[in-house]
Amino acid sequence: MAAHRSRRRIRARAAAWLEHHGRAVLGALGRLRMQWLATLMTAGVIGIALALPALFVVFMDNTQNVLGDWDGRPRVSVFLERDAPMDRARETAQRLRGRDDVRAVEVLTPEAALAEFRAHTQMDRALSLLESNPLPGVLLVEPPPGLSTARIDALTRTLEGLDIAAEVRLDREWVQRLHAIITLLARLGWLIAGLLALAVLLVVGNTIRLEIENRREEIVITKLLGATDAFVRRPFLYTGLWHGLFGGAIAAILVETAYLLLAGPANTLARSYASGFRLQGLDPAAAATLLACGVLLGLLGAWIAVGRHLSTIEPR
């Protein structure tokens, strides 16, 4: 019997807790709806502050997609003489694979090069007018990871000395510089994101401070009736939550709008460079993360403001 009464008390307390929080959530939403213009302006400021780092994250993700398999390691392209037999090219590739400064060698025949070029471009009509294949065979030589610059340069000179080599190109410096720039931009992005998160906290905190001042008499009367600090604090916290949620939703809309505006031109530019790249926007997980960040920042800003200003309001 005692255990049964204990379970009933626990259920009653849980029901009361849920009822109080539900009223606080709906009450905060109702007050924001009555001041919809001010709510929209506050949420808009929060949305812009959240959208900027979100746009940067999307930009970095798309940059990584552009890089694809380019991991910063150099690759040497050996363009063969036009009359070089492919049997000689394959023998040379097999011989190069036995070197300790070579990780892999890929033989690209003129026909394969033309097929790859045709697959990534829309120049079938122009290519059909050519009497012969203008593309040479290519040996794609990849050194092993961690190979020193001096040894890579020595390998390049060795490849330049091949009797079937017409031209040798080392793709290294521009990839390394690009990765360095991306690393710098990533750190700059985190710094900007931190500053904008601080701005969101200040916006929410100032909004909650003004609401506390406007409801000072109500707070005093509520405390006179015996309300706890947690009970008084609750509606303000949910107000911050709603502000953050609305701001996160606006940020997601702004990012998706930017994607819709830029996707067409970006994809057209990629096709002009014979690339299969397609601009990517926010996926559902990223959008949910953006909403969660807005909610957390809204709650944190409200908590800071309530903790600072609510303690100064006491019945006399």
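The values are calculated or read from the model by the stated rules, or taken from the named source; none is laboratory data. Since we're looking at a predicted model, the values are computed, not measured. Please note: Cβ atoms are built from the backbone with ideal geometry, for glycine as well, and neighbour counts cover all protein chains shown.
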Open item on the list: Any residue that is of a type outside the set (Lys, Arg) and within 30 Å of residue 118 (Cα to Cα) - is there at least one of those in region 238-259?
Closed with: yes
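Within region 222-245, restricting attention to residues that are surrounded by 12 or more Cβ atoms within 10 Å (Cβ to Cβ) and among the hydrophobic types (A, V, I, L, M, F, W, C), which residue is farthest from residue 310 (Cα to Cα)?
Per the criteria, the residue is 245.
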Open item on the list: Condition check: under 25 Å from residue 87 (Cβ atoms) and either surrounded by 11 or more Cβ atoms within 10 Å (Cβ to Cβ) or modelled with pLDDT of 80 or more (or both). Does residue 186 satisfy that?
Closed with: no
TODO: Looking at (1) part of a helix (DSSP H, G or I); (2) crowded, with 19+ Cβ neighbours inside 10 Å; (3) under 23 Å from the mean Cα position of the chain (by Cα); (4) among the hydrophobic types (A, V, I, L, M, F, W, C), find the lone condition where residue 282 falls short.
DONE: (1)
- [ ] Could you check residue 40 against (1) modelled with pLDDT of 90 or more; (2) in the same structural domain as residue 243 (by TED's automatic domain parsing); (3) over 30 Å from residue 259 (Cα atoms) and say which number it fails?
- [x] (3)
- [ ] Of the conditions (1) in contact (Cβ under 8 Å) with a residue 24 or more places away in the chain; (2) surrounded by fewer than 13 Cβ atoms within 10 Å (Cβ to Cβ); (3) farther than 30 Å from residue 153 by Cα, residue 201 clears all except one; give me its number.
- [x] (2)
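Conditions (1) closer than 30 Å to residue 177 by Cα; (2) at pLDDT below 90, marked per residue:
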residue: 8; (1), (2): no, yes
residue: 12; (1), (2): no, yes
residue: 22; (1), (2): no, yes
residue: 50; (1), (2): yes, no
residue: 71; (1), (2): yes, yes
Task: Of the criteria (1) modelled with pLDDT of 90 or more; (2) under 26 Å from residue 282 (Cβ atoms); (3) exposed (fewer than 14 other Cβ atoms within 10 Å of the Cβ), which one residue 95 fails - done: (2)
